[in-house]
Amino acid sequence: MAGAIIENMSTKKLVIVGVILLLFQAFSFMVGGLIAPSPTTAVHYLATKCVDVVKTHHQGSKWFMPWGPDQCSKLRDFDEAMAKRIEANNIVFAVHIPLPNREMSPWFQFMLVILQFDIAFKMQNQIGDGALVTMDVGLAYRDDPLSEWIEMAHSIEHRKLSCNFTTTKAFENEGRYYDCDLLPFMEVGSVAHKYYLLNIRLPVNERKKVNIGIGEIKDIRLVSIHQNGGFTKVWFAMKTFLTPSILIIMIWYWKRITQMTRPPVLLEKIIFALGISMTFINIPVEWFSVGFDWTWMLLFGDIRQGIFYAMLLSFWIIFCGEHLMDQTERNRFSVYWKQVGPIVFGSFCLFIFDMSERGVQLKNPFYSIWASDVGTELAMAFIIVAGICACLYFLFLCFMVYQVFRNVSGKRSSLPAMTKARRLHYEGLIFRFKFLMLVTLACAAMTVIFFIISQVNEGHWHWGGYTVQVNSAFFTGIYGMWNLYVFALMFLYAPSHKRYGDEQSSSDQGGNSGEDIQLTTTITHVDGPTEIYKMTGKEAQE
């Protein structure tokens with residue numbers, strides 16, 4: 001019976017394959033480091049204070065432009081508003097995205113907007129405890145500088161202020177600014193239009209205590225974050241190239257499996273399932289987002305990523321378990337339910353968490369789970385727990401690999417009793433097997449690091465503090481690593497058409513040749529991956 005390619009391919013050919021894969025891995029890092037720009041760009045805006053009075057309504061537009069031919073009537077500051085007896089309810093903060101003489105592009109993929117208030121300290125108008133800002137916000141778009149604005153979203157939003165005054169609260173310090181945290185403001189899942197306009201009102205109602213005790217707001221600053229178009233093109237190109245590569249090797253792998261006389265074993269099935277999940281995340285459906293206004297693409301991308309994470313983490317558990325070489329009857333998925341169950345549950349929690357924010361944002365882009373105390377604590381706790389669980393998973397995987405190595409070392413005691421040719425063959429198999437396990441562990445470590453950094457990087461704008469900079473090389477390198485790892489697994493674990501006995505010299509083809517062929521039972525044998533070592537031990541005893 002023929003073994004797997006990892007067993008029967010010559011060392012020289014395996015080294016060549018390994019070098020080629022390593023070169024592709026280096027190339028995937030270089031693509032991000034040398035070709036692609038940084039993944040995202042942040043643009044800062046200062047809101048323009050416009051006056052909304054009855055005399056401006058004859059213009060026939062309810063949207064206020066900060067500049068251009070149809071710009072609004074502006075105020076320099078609130079002192080001017082008080083001098084002109086303009087009420088707070090008649091002031092509109094207007095922000096045009098992008099800056100003058102520029103255009104937004106569908107290649108930007110998404111737009112995340114963060115808000116910060118400039119609040120001056122006044123003894124008679126201090127920020128109260130638990131101060132809540134109420135905003136009447138509207139978002140509009142257009143694709144022609146001369147066309148009318150079309151409303152995209154409108155909402156009444158509440159944001160809790162978190163500000164510190166670093167000096168003594170005294171009259172001599174009036175006019176100094178509070179140090180206020182950034183606040184989540186808006187997220188749009190596609191950038192299908194050229195121009196966007198934000199109008200923000202801060203309505204005041206003393207009877208209902210609306211916007212009372214929020215200090216003296218001087219300005220509103222916004223930070224717009226979007227994906228770089230150059231990075232998007234490189235990312236799409238990688239997906240377009242890798243999709244057929246994984247698809248072809250997956251079809252080839254399964255064709256070889258089905259040509260065998262026995263049914264597929266668990267390890268073969270889980271490798272094929274991993275190939276399917278990799279293909280699912282590879283398919284470059286994002287190309288359609290360039291031509292269509294699909295605001296759900298961010299959510300869809302998160303779902304695909306979550307499915308792949310769940311499949312990859314489950315695969316590593318089963319992959320190590322199928323090579324433990326203990327006396328447990330394996331080759332059944334039910335054996336691993338205690339390990340795989342928590343992974344599936346965690347992935348489901350990730351999905352619920354994502355739906356609770358980005359799912360709602362499909363209808364209201366101004367919604368944020370970080371806007372409330374409960375939501376912020378829940379989101380922070382979720383990120384921390386997810387990071388801890390990822391680390392615990394990696395430690396458990398290290399323990400399983402340690403058990404595998406320990407059991408393999410126990411089998412090595414059987415090798416001295418064999419003939420020299422057979423002993424060298426099995427020593428080579430054990431080395432290949434250990435090397436693949438170490439590669440698996442390295443891949444798992446990089447994946448866990450990438451997951452934790454991604455979670456922190458996505459949340460740092462919401463809760464302030466430290467920023468983790470993730471450059472393009474890390475994104476393209478990890479993505480390339482996943483594809484190369486899946487490609488290598490399907491290639492190395494595919495049934496080989498060559499037999500180990502066929503490679504023996506004519507002097508070794510006597511009474512031992514049939515025995516050698518029997519001993520090269522593949523790790524994907526119907527009796528499970530431990531058969532090669534069980535038969536090795538049996539031969540040594542004989």
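The values are calculated or read from the model by the stated rules, or taken from the named source; none is laboratory data. Small disclaimer: the values here were computed from a predicted structure and weren't measured. Note that we place each Cβ from the backbone using ideal geometry, even for glycine, and neighbour counts take in every protein chain shown. In case anyone asks, the SASA skips ligands and DNA or RNA and just uses the protein heavy atoms, side chains included. Shrake-Rupley method; radii C 1.70, N 1.55, O 1.52, S 1.80 Å.
Close amide H contacts of residue 185 (hydrogens built in the peptide plane, cut-off under 5 Å, sequence separation of 5 or more or a different chain): 113, 115. Can you bin region 240-284 into rounded, prolate or oblate? Criterion: square roots of the alpha carbon gyration tensor eigenvalues sorted a ≥ b ≥ c, rounded for a/c under 1.5, prolate for a/b above b/c, oblate for the rest. Oblate is the answer for region 240-284, as a/c is 1.5 or above yet b/c matches or exceeds a/b.
In a fully extended conformation the segment linking residue 174 and residue 87 would gain 29.1 nm over its present Cα-Cα distance, using 0.36 nm per residue. Rolling a 1.4 angstrom probe over the protein heavy atoms with all chains in place gives region 118-243 an accessible area of 46 Å² per residue. For region 280-378, with all protein chains in place and a probe radius of 1.4 Å, 71% of the accessible heavy-atom surface sits on carbon or sulfur. Taking amide H positions as modeled 1.01 Å from N, with prolines and chain starts lacking one, the residues under 5 Å from residue 496 and 5 or more places away or on another chain are 3, 4, 5.
Taking amide H positions as modeled 1.01 Å from N, with prolines and chain starts lacking one, no residue 5 or more places away or on another chain lies under 5 Å from residue 71.
For the set 233/363; 84/122; 12/233; 84/194; 74/194, the pairs lying more than 26 angstrom apart at their alpha carbons are 233/363; 12/233; 84/194.
Gain on full extension, evaluated as 0.36 nm per residue between residue 38 and residue 160 minus their Cα-Cα distance, stands at 40.7 nm. Measuring only protein heavy atoms, the 1.4 Å probe finds residue 216 accessible over about 50 Å². So if R0 is 30 Å, what FRET efficiency would residue 337 and residue 364 give, r being the distance between their Cβ atoms, rounded to the nearest 0.05? Approximately 0.15, to the nearest 0.05. Modelled label positions at residue 293 and residue 241, each set 7 Å beyond Cα in the direction of Cβ, lie 3.5 nm from each other. Shape class for region 71-133, computed from the alpha carbon gyration tensor (a ≥ b ≥ c): oblate, with a/c not under 1.5 and a/b at or below b/c.
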